[in-house]
1. Consider only pairs whose beta carbons are under 7 Å apart and that are at least six residues apart or on different chains; among these, list those whose first residue lies in the stretch 99-111 and is among the hydrophobic types (A, V, I, L, M, F, W, C) and whose second residue is within 6 Å of the ligand (Cβ to nearest atom).
2. Which residues, taken from the stretch 68-98, are part of a strand (DSSP E or B), more than 11 Å from the ligand (Cβ to nearest atom), in contact (Cβ under 8 Å) with a residue 12 or more places away in the chain and more than 13 Å from the chain's Cα centre (by Cα)?
3. Hey, Gly105 hits all of (1) within 23 Å of Ser15 (Cα to Cα); (2) surrounded by fewer than 17 Cβ atoms within 10 Å (Cβ to Cβ); (3) within 9 Å of the ligand (Cβ to nearest atom) but one; which does it fall short on?
4. Search the stretch 126-136 for residues being more than 8 Å from the ligand (Cβ to nearest atom) and over 15 Å from the mean Cα position of the chain (by Cα), and hand back the single one that is least open to solvent (accessible area, probe 1.4 Å).
5. Can you confirm whether Arg7 is within 29 Å of Asn119 (Cα to Cα), open to solvent by less than 20 Å² (accessible area, probe 1.4 Å) and within 14 Å of the chain's Cα centre (by Cα)?
6. Only residues that are within 20 Å of Ile112 (Cβ to Cβ), out of contact with any strand residue (DSSP E or B) (no Cβ under 7 Å at 6 or more places or on another chain) and either away from the ligand (no atom under 14 Å from the Cβ) or among the aliphatic types (A, V, I, L, M) (or both): list them for the stretch 137-151, please.
7. Take the residues of the stretch 28-46 that are among the polar types (S, T, N, Q) and open to solvent by less than 40 Å² (accessible area, probe 1.4 Å): which is farthest from the ligand (Cβ to nearest atom)?
8. For the stretch 109-116, state whether one or more residues are under 25 Å from Leu9 (Cβ atoms) and β-branched (Val, Ile, Thr).
Amino acid sequence: MSSFNIRALNKDDWSTYRELRLLSLQDSPDSFGSSYEKEFSFSRDEWVSRLDLDNMAKPALPLVAELNGVAVGLAWGLLHNPQDKTAHIYQMWVSPNVRGQGVGGLLLKNIIAWSNELNLDYVSLAVTTINKNAVKLYEAYGFEPYGALEALREGSALSVQPMKLKLCAIAA
Ligand SMILES: CC(C)(COP(=O)(O)OP(=O)(O)OC[C@H]1O[C@@H](n2cnc3c(N)ncnc32)[C@H](O)[C@@H]1OP(=O)(O)O)[C@@H](O)C(=O)NCCC(=O)NCCS
C-alpha cells in the first residue's frame, strides 16, 4: 500500500504550490471558484506571499500530500474570523492517479486536527453539487449541508453547497 506524507507548505515551496494549484485548476475547473486563467497570471511574489504565514493576518494551514517526495495533493485550512470559531477548507485537490487511496481523507483529518487545536467549533467548506465523490468524502467525515446553494462563480450555471462539520469538544 502507498505511504503518503502530509506536511505544511512554506514560502520555499512556492513553485511546488504554484504547479499543484495550476494543475488542480486545469484538471477540475468545476470544483473551484477561481480559474486557471486567473491564477496563471499570478506573479512569483503573489505565490510566495500566499505562503508567507508569518505575515498573514489570519491563521492558515496550507497542506501538501506527497508520495515518494512527489506532490500529489493540496488543501488549505483558513480561519477568517476567530469570533465565528469556524475554519474554512479551500483548494482541496488530489492528483487523479492517486484518488480513492485516502489522500483526501488524510488532508481533511489534518485540517480537522488543526481546527481542534485552535479550539474551534466548526469546519466549513463549499462543494459543487454535481461533485458526488467530494460530497461523499465530506459526508463520511460528518460534514452536513447548511445554508442556501450559491453560484460556483459569477456567471456559472453550477451551484455549490456549503457544508459544515461540528467539532466535538475534547474533555480536558
Ligand atoms: C474529492 C477528492 C479531493 C477526494 O480525494 P481522494 O484522495 O480521492 O479521497 P479519498 O481516497 O480519501 O476518498 C474517500 C472517499 O471519497 C469517495 N471518493 C473520493 N474520490 C473518489 C473517486 N475518485 N472514486 C471513487 N470514490 C471516491 C469514496 O467514497 C471514498 O470512500 P471509500 O474509500 O470508503 O470508498 C478528489 O476526488 C479530487 O481531487 N477531486 C477533484 C477536485 C475536487 O473535487 N476537490 C474538492 C473541492 S470541494
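1. Listed pairs, sorted by first residue: Val103/Val94; Leu107/Met92.
2. Once the filter is applied, which keeps residues that are part of a strand (DSSP E or B), more than 11 Å from the ligand (Cβ to nearest atom), in contact (Cβ under 8 Å) with a residue 12 or more places away in the chain and more than 13 Å from the chain's Cα centre (by Cα), the stretch 68-98 yields Ala71, Thr86.
3. (1)
4. Among those residues, the one meeting the criterion is Thr129.
5. So Arg7 fails the test.
6. Those that are within 20 Å of Ile112 (Cβ to Cβ), out of contact with any strand residue (DSSP E or B) (no Cβ under 7 Å at 6 or more places or on another chain) and either away from the ligand (no atom under 14 Å from the Cβ) or among the aliphatic types (A, V, I, L, M) (or both): Leu137, Ala140.
7. Ser35
8. Within the stretch 109-116, one or more residues are under 25 Å from Leu9 (Cβ atoms) and β-branched (Val, Ile, Thr).
The values are calculated or read from the model by the stated rules, or taken from the named source; none is laboratory data. Keep in mind it's a predicted model, so treat the numbers as computed, not measured. Cβ atoms come from the backbone with ideal geometry, glycine included; neighbour counts cover every protein chain shown. We work out accessible area using only protein heavy atoms, side chains counted, and drop any ligands, DNA or RNA first. Shrake-Rupley method; radii C 1.70, N 1.55, O 1.52, S 1.80 Å.
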